[in-house]
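To start, the structure under review is shown below, and the notes come after it.
The values are calculated or read from the model by the stated rules, or taken from the named source; none is laboratory data. Owing to the predicted nature of the structure, the values given are computational and were not obtained by experimental measurement. Every residue, glycine among them, receives a Cβ derived from its backbone with ideal geometry; neighbour counts consider all protein chains shown.
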Amino acid sequence: MAKDRRKDIRNTFITTVIYSLVNSEESLQPVEPQQGITLNVSKSGACLYMFREVSEGQTVELFTSVLSEQCIRAVVRWVEKVTDSIYKVGLMCQV
């Protein structure tokens with residue numbers, strides 16, 4: 001069995017969140033807001049379904065009170081394609 005390397009406990013919490021993908025580190029300007037659904041959250045990140053393809057390392061700006069105040073921006077740590085239009089994504093907060 002693989003060892004869970006998370007530093008914080010995940011709590012199952014399913015709700016809708018609004019997020020924007022950030023174009024690049026140079027501009028740090030978010031693009032059009034998108035809707036996602038959380039599966040679980042912790043102090044340091046979240047797992048959610050997104051309905052747009054994203055890449056590992058991409059920055060996401062979050063507009064939600066579900067995550068801690070420190071988690072306004074997060075980085076995509078992993079992506080699992082579920083269907084042609086649904087992606088399960090692991091986010092780590094940038095503090």
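Here is how the numbers come out for the structure above:
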| item | result |
| --- | --- |
| Residue within the range 60-82 that is surrounded by 13 or more Cβ atoms within 10 Å (Cβ to Cβ), at pLDDT 95 or above and under 15 Å from T15 (Cα atoms) present | no |
| Hits in the range 35-77 (condition: over 17 Å from I18 (Cβ atoms), small (G, A, S) and not in a strand (DSSP E or B)) | S44, S55, G57 |
| Yes/no for Q34 being in contact with a Lys or Arg (Cβ under 6 Å, 6 or more places away or on another chain) and modelled with pLDDT of 85 or more | yes |
